[in-house]
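Report on one structure; see the data block that follows.
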Amino acid sequence: MSAGTVAAVDLGATSGRVMHARVGPGTLELTEAARFPNTPVRVWEGDRAALHWDLTGLYANVVDGLAAVARTDPALRSIGVDAWAVDYGLLRGGRLVREPYHYRDERSGRGVALVDSAVPPELLYREGGLQFLPFNSLYQLAVDAADGSLGGADRFLLIPDLIAYWLTGAEHAERTNASTTGLLTADGAWNDALIARLGLPRSVFATLIDAGTTVGGVLPALAHDLPFAGGGPAVTAVGSHDTASAVVAVPMDASRAAYISCGTWGLVGVELEHRIVSEEGRAANFTNEGGVDGRIRYLHNVMGLWLLSESIREWQRRGLHVDLAGLLAEAAELPRPADVFDPEDPRFLPPGDLPSRIVEWFDERGLRAPASPAGMVRVIVESLAAAFASAVQAAAVLSGVPVETVHIVGGGARNALLCQAIADRSGLPVVAGPVEATAIGNVLVQARAAGLVSGDLESLRGLVARTTPNVRYTPVRIPVHG
């Protein structure tokens, strides 16, 4: 068994990247081939400005990134695509009907009432095991059905499946991401009874496949843009929900650890063999999402680094010359705030002036809000840490997993102030890294499918532990308020 090369297309809610990887039994090396922003656009739709993804522009960047790989490695073995969850494209006659709506678009709120009128929330949780988020796919689909958009569509494809379709011409639904729709049964099949009860056309849902399955070859029509040798690489299904890929690369002992996949969102949970659909879990808003190799990601979504990035964008719009690294350095010199806010308050979901909304949250409670950008950054970090620590504790209680260590991967692993705050507030050691966990999990699943590595998830995580650095944060016993 020798090393070979694969490419990971990793699309996040604020940026995308194409990573070129060399993988083998003792080898795991990633090089960034391309990185590009993922910027939504507002389009006037009769009576409102709707928020959409510029997916065709994103796809053009993906192709450019893969072309850069092809020029240096024409014998690439495989390509895998992961992306954020819940959002989707509708196809008619193989063509995209419209650019996909952004999950932060306000329209999905209408879908909550539509779904609740057809299926009681407690039954919906028992059926799908999904936490309530107002932008979940089934709520968006309910709006499309009510507006007549589904009547003219013949396929529903989640974002990574849509990118894979444009690369291969094959229409499939990868199971880990499909689990985030709320429309799968406990055994991972489309829930035909629930789909019918919601009035959705069963015909639009593509055949489900597992991570590690070959989707198809790159279309001959792309040969000019992607000059790979011979027939080109295979496109392999990975854990196409980006968190599913990230969890593959968490170097943890899943029987005693919790994870935080921290980027735009913070996904906090544990890995299980079976779903938990208890009423206690529903009340705590924990979700059961599919993982690679049939594992369950039992987790809770917390607003993540979006709070920092959107606040910085607002300050820059106001003409302030600020950047995250500088503000974090200033924030680290400030005392720990006496009070923190609730990052899960719905007011923080839409784009816009988040610093003013945070001040509003404090004012409503007669509390003193931070007065400076650095103070605001410190309170955001501490509020996120408190929410993450609470979610870790809840995951342990609800699942029965005796959590002894918290692993944080993704962009949040770079944030030393956040990592230390999580350790302090949880009272548990925090292991930070790898930062590029999603891309690593993506390439490991491809590499295993291609025969470059072998073994179960524990074996893949062992390779990550041996080849990627991490930083350990020990909790400091200090008074915590709020």
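The values are calculated or read from the model by the stated rules, or taken from the named source; none is laboratory data. Predicted model, so just to flag it, every value in this text is computed and none were measured. All Cβ positions, even for glycine, are placed from backbone atoms using ideal geometry, and neighbour counts span all protein chains on display. Note: accessible area is taken over every heavy atom of the protein model, side chains too, but ligands, DNA and RNA are not part of it. Shrake-Rupley method; radii C 1.70, N 1.55, O 1.52, S 1.80 Å.
Only residues that are touching a helix residue (DSSP H, G or I) at 6+ places or on another chain (Cβ under 8 Å) and among the charged types (D, E, K, R): list them for the stretch 157-206, please.
If the condition is that a residue be touching a helix residue (DSSP H, G or I) at 6+ places or on another chain (Cβ under 8 Å) and among the charged types (D, E, K, R), then Asp161, Glu171, Glu174, Asp192, Arg197, Arg202 are the ones that fit.
Considering only the stretch 17-36, I want to know if a residue exists there that is more than 20 Å from Thr214 (Cα to Cα), of a type in the set (S, T, N, Q) and assigned to a strand (DSSP E or B).
Yes; the residues of the stretch 17-36 include at least one that is more than 20 Å from Thr214 (Cα to Cα), of a type in the set (S, T, N, Q) and assigned to a strand (DSSP E or B).
Looking at Ala421, Ala447, Ala391, Ala387 in this structure, which one is under 17 Å from Leu299 (Cβ atoms), buried (at least 24 other Cβ atoms within 10 Å of the Cβ) and not charged (D, E, K, R)?
Ala391
Please verify whether Thr72 is in contact with a helix residue (DSSP H, G or I) (Cβ under 9 Å, 6 or more places away or on another chain) and open to solvent by 60 Å² or more (accessible area, probe 1.4 Å), treating the condition exactly as stated.
no
Taking the condition closer than 27 Å to Ala70 by Cα, in contact with a helix residue (DSSP H, G or I) (Cβ under 8 Å, 6 or more places away or on another chain) and either at pLDDT 95 or above or open to solvent by less than 20 Å² (accessible area, probe 1.4 Å) (or both), does Val268 pass?
no
Give me the pairs: first residue in the stretch 447-463 and farther than 16 Å from Val6 by Cα, second residue part of a loop (DSSP other than H, G, I, E, B) and hydrophobic (A, V, I, L, M, F, W, C), beta-carbon distance under 6 Å, and six or more apart or on different chains, which are they?
The qualifying pairs do not exist here.
Would you point out the residue of the stretch 47-64, among those that are more than 21 Å from the chain's Cα centre (by Cα) and in contact (Cβ under 8 Å) with a residue 24 or more places away in the chain, that is farthest from Pro220 (Cα to Cα)?
The extreme case among them is Arg48.
In the stretch 344-356, which residues are more than 20 Å from Arg107 (Cβ to Cβ), part of a helix (DSSP H, G or I) and open to solvent by 50 Å² or more (accessible area, probe 1.4 Å)?
Matches in the stretch 344-356: Ser356 only.
Can you pull out every residue in the stretch 237-292 that is of a type in the set (S, T, N, Q) and within 23 Å of Val435 (Cα to Cα)?
Hits for the stretch 237-292 are Ser240, Thr243, Ser245, Ser255, Ser261, Thr264.
Sort out for me the helices (runs of 4 or more DSSP H) sitting completely within the stretch 408-482 that have 1 or more residues that are under 22 Å from the mean Cα position of the chain (by Cα) and of a type in the set (Ser, Thr, Tyr). Give the derivation first.
Details: elements: 416-426, 437-449, 457-467.
In the stretch 408-482, 437-449 are the helices (runs of 4 or more DSSP H) which contain 1 or more residues that are under 22 Å from the mean Cα position of the chain (by Cα) and of a type in the set (Ser, Thr, Tyr).
Any idea how many residues of the stretch 23-46 are farther than 18 Å from Gly352 by Cα, in contact (Cβ under 8 Å) with a residue 40 or more places away in the chain and of a type in the set (A, V, I, L, M, F, W, C)?
3
If a residue has to be among the basic types (Lys, Arg) and part of a loop (DSSP other than H, G, I, E, B) to count, how many in the stretch 364-405 make the cut?
2
Tell me, yes or no, whether the stretch 313-332 has at least one residue that is open to solvent by less than 50 Å² (accessible area, probe 1.4 Å), in contact (Cβ under 8 Å) with a residue 24 or more places away in the chain, part of a loop (DSSP other than H, G, I, E, B) and farther than 26 Å from Val250 by Cβ.
Yes: the stretch 313-332 contains one or more residues that are open to solvent by less than 50 Å² (accessible area, probe 1.4 Å), in contact (Cβ under 8 Å) with a residue 24 or more places away in the chain, part of a loop (DSSP other than H, G, I, E, B) and farther than 26 Å from Val250 by Cβ.
Select, from Ala374, Ala413, Ala423, the only residue that is modelled with pLDDT of 95 or more, more than 21 Å from Ala465 (Cβ to Cβ) and not charged (D, E, K, R).
Values: Ala413 fails: more than 21 Å from Ala465 (Cβ to Cβ); Ala423 fails: more than 21 Å from Ala465 (Cβ to Cβ).
Just one listed residue meets the conditions, Ala374.
Restricting attention to the stretch 241-263, report how many residues are assigned to a loop (DSSP other than H, G, I, E, B), open to solvent by 10 Å² or more (accessible area, probe 1.4 Å) and within 14 Å of Asp82 (Cβ to Cβ). Even if it seems obvious, please write down each step before you answer.
Start the filter on the stretch 241-263 by keeping residues that are assigned to a loop (DSSP other than H, G, I, E, B), which leaves 249-256, 263.
Within this subset, residues satisfying the condition of being open to solvent by 10 Å² or more (accessible area, probe 1.4 Å) are 251-256, 263.
Subsequent filtering for residues that are within 14 Å of Asp82 (Cβ to Cβ) retains 263.
The total comes to 1.
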